[in-house]
């Protein structure tokens, strides 16, 4: 059983130049944590997720240095956070892609490797076809996709778990209904 | 050190050791300067080739290693790695920013002085690693451009580092080789440092300081910082400050205690590791000790290890003595000329290339000048010239000192890159100004 069989197909995506505001609207609407981001040629260039948003809300200094591990000394200032959010919302999503922590999955990877990668990744896994001209997105795998797929095979051994998991959200996919 | 015991035994292919050693030395330094390969790799490779070609045997190479430099650096790095977890450096930076009412010029002044003092007592790289992130946070809150702050912190770290034996690697090496004590540096170098810092800050005021402004609202954000909250571990704070105080007192009384700085620093590191680990499980101890050792800048340490062998190789074949004679021919064997020439050459060199290999090479060169000036005790003005030139010269360009590059790296990541040429256009003349002050100081203090 390979990645291709339990990924969600046709995920909601964002364009590289799309404003963060617009991307957030899509994410909130569909209750998804991560949007695959595509360039003008339709190539996959990275993920924009809620974690990236949090990263963007932090003061720059806190994101680059281990010396500033704690910000507990800052005043409790909600206006500042709101101000940052508004600044970020007007920027294109391509400014906030985290390429360092991006983990990709190929369509033919076995389930245990997919589980290992999901455990390692802070986000959902984009499933791609790597070709000479770049990465083509074919689907997304979230924690939920894995759980739904495994529980679907449970049969009648655990009907409650099976029906609960199979109806849960499938991140990054419009086809979750 | 008996040079005879280092005698060349098995030169491969019967090559002339002078040529082999000289070629290896020049090639290694050239590759280091290109910065294409990590400097630790190059120095270690060059050092080992010095042994494998037969210029030195392993025993002789080991005699070139300066344990005092290696031990002092490693010990202090471990102590600082543990101390910074307590949050004390953030505390001091925020406290000082609030003391001046969060006025931008006041903050720049305070952070520069804090940087200079920390750099005098810790190494420069560590100091800027601690100060720069807080500076970026503060300037972001104040909505002012961080460049003048970072620029001044670079200069302050190299100026402050020149003040003490432990402040900057050139001083560590000079102190160990001569040998000079911690107090020798305090008495002979530290007095001129405040003036150099003051003049530097005066220039910064003229360029930026007088025009600096931040809104009341932005300043209030800083005033609302609660610096006490940054102390994350009060117990660790007490333990670290206790050990730091012990180590610095140890340096001051090293002569009476008949101890070398490396012993004191490594003892301090071991003591702090003991205090912070004693009640833990063995598994947790192993983790903590490993993490503390991992924060030692091994690139710098192994760079030194390779470099000491290289320098010992060229020294051993007599090349450095020839270089010394050439310098003396040029200066006519006059102490004043020689000292001031060393000061200026060190400054220019250190601005353009790494000052560590330069100083490592100059130490044996200067040592071999002792007979001309009537004994090693008369060389003091030359040593102080080398120290001031090499430490202050690091301010001349962005690549002049490791601390400069660390600051530039952070600035780049924070979206405010510091460019090579604009930095140099301002920093190089200011470095020359500091060397003019140093020239006057050395002349009137040691040469008339």
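The values are calculated or read from the model by the stated rules, or taken from the named source; none is laboratory data. The structure displayed is predicted, hence computed values, not measured ones. FYI the Cβ positions are ideal-geometry reconstructions off the backbone, even for glycines, and counts take in every protein chain you see.
Quick rundown of the values:
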read-out: Single residue of A:55, A:119 found to be closer than 24 Å to residue B:134 by Cβ and away from every other protein chain (no Cβ under 12 Å); value: A:55
read-out: Residues of the stretch B:294-353 that turn out to be surrounded by fewer than 16 Cβ atoms within 10 Å (Cβ to Cβ) and more than 27 Å from residue B:55 (Cβ to Cβ), as a count; value: 7
read-out: Test set (1) at pLDDT below 95; (2) within 22 Å of the chain's Cα centre (by Cα) - residue B:269 fails condition number; value: (1)
read-out: Any hit, the stretch B:89-102, residues being in a helix (DSSP H, G or I), under 20 Å from residue A:73 (Cα atoms), touching a helix residue (DSSP H, G or I) at 6+ places or on another chain (Cβ under 8 Å) and more than 14 Å from every other protein chain (Cβ to nearest Cβ); value: yes
read-out: Some residue of the stretch A:86-102 being without any contact (Cβ under 8 Å) to a residue 40 or more places away in the chain and in contact with a helix residue (DSSP H, G or I) (Cβ under 7 Å, 6 or more places away or on another chain); value: no
read-out: Residue match in the stretch B:195-202 (condition: more than 13 Å from chain A (Cβ to nearest Cβ), out of contact with any helix residue (DSSP H, G or I) (no Cβ under 8 Å at 6 or more places or on another chain), part of a helix (DSSP H, G or I) and surrounded by fewer than 24 Cβ atoms within 10 Å (Cβ to Cβ)); value: yes
read-out: Count of the stretch B:267-280 residues which are under 30 Å from residue B:174 (Cβ atoms) and surrounded by 21 or more Cβ atoms within 10 Å (Cβ to Cβ); value: 3
read-out: Selected residue [loosely packed, with under 13 Cβ neighbours inside 10 Å, touching a strand residue (DSSP E or B) at 6+ places or on another chain (Cβ under 7 Å) and at pLDDT 90 or above] from A:90, A:39; value: A:90
read-out: Subset of the stretch B:212-247 that is away from chain A (no Cβ under 14 Å) and closer than 18 Å to residue B:101 by Cβ - its residue that is surrounded by the fewest Cβ atoms within 10 Å (Cβ to Cβ); value: B:216
read-out: Among (1) farther than 22 Å from residue B:298 by Cβ; (2) within 14 Å of chain A (Cβ to nearest Cβ); (3) in a helix (DSSP H, G or I) - the single one residue B:128 does not satisfy; value: (1)
read-out: Residue in the stretch A:95-107 that is part of a helix (DSSP H, G or I), within 25 Å of residue A:16 (Cβ to Cβ) and either more than 13 Å from chain B (Cβ to nearest Cβ) or at pLDDT 90 or above (or both) present; value: yes
read-out: Filtered residues of the stretch A:41-77 (kept if within 20 Å of the chain's Cα centre (by Cα), over 21 Å from residue B:143 (Cβ atoms) and in a loop (DSSP other than H, G, I, E, B)); value: A:42, A:43
read-out: Residue match in the stretch B:388-404 (condition: in contact (Cβ under 8 Å) with a residue 60 or more places away in the chain and over 15 Å from residue B:158 (Cβ atoms)); value: no
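Yes or no, residue by residue, for (1) at pLDDT below 90; (2) within 19 Å of residue B:432 (Cβ to Cβ); (3) within 13 Å of another protein chain (Cβ to nearest Cβ); (4) surrounded by fewer than 24 Cβ atoms within 10 Å (Cβ to Cβ):
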{"residue": "B:124", "(1), (2), (3), (4)": "yes, no, no, no"}
{"residue": "B:146", "(1), (2), (3), (4)": "no, no, yes, no"}
{"residue": "B:157", "(1), (2), (3), (4)": "no, yes, no, no"}
{"residue": "B:162", "(1), (2), (3), (4)": "no, yes, no, no"}
{"residue": "B:171", "(1), (2), (3), (4)": "no, no, no, no"}
{"residue": "B:187", "(1), (2), (3), (4)": "no, no, no, yes"}
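Yes or no, residue by residue, for (1) within 22 Å of residue B:64 (Cα to Cα); (2) in contact (Cβ under 8 Å) with a residue 12 or more places away in the chain:
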| site | (1), (2) |
| --- | --- |
| B:322 | yes, no |
| B:330 | no, no |
| B:345 | no, yes |
| B:359 | yes, yes |
| B:378 | no, yes |
| B:385 | no, yes |
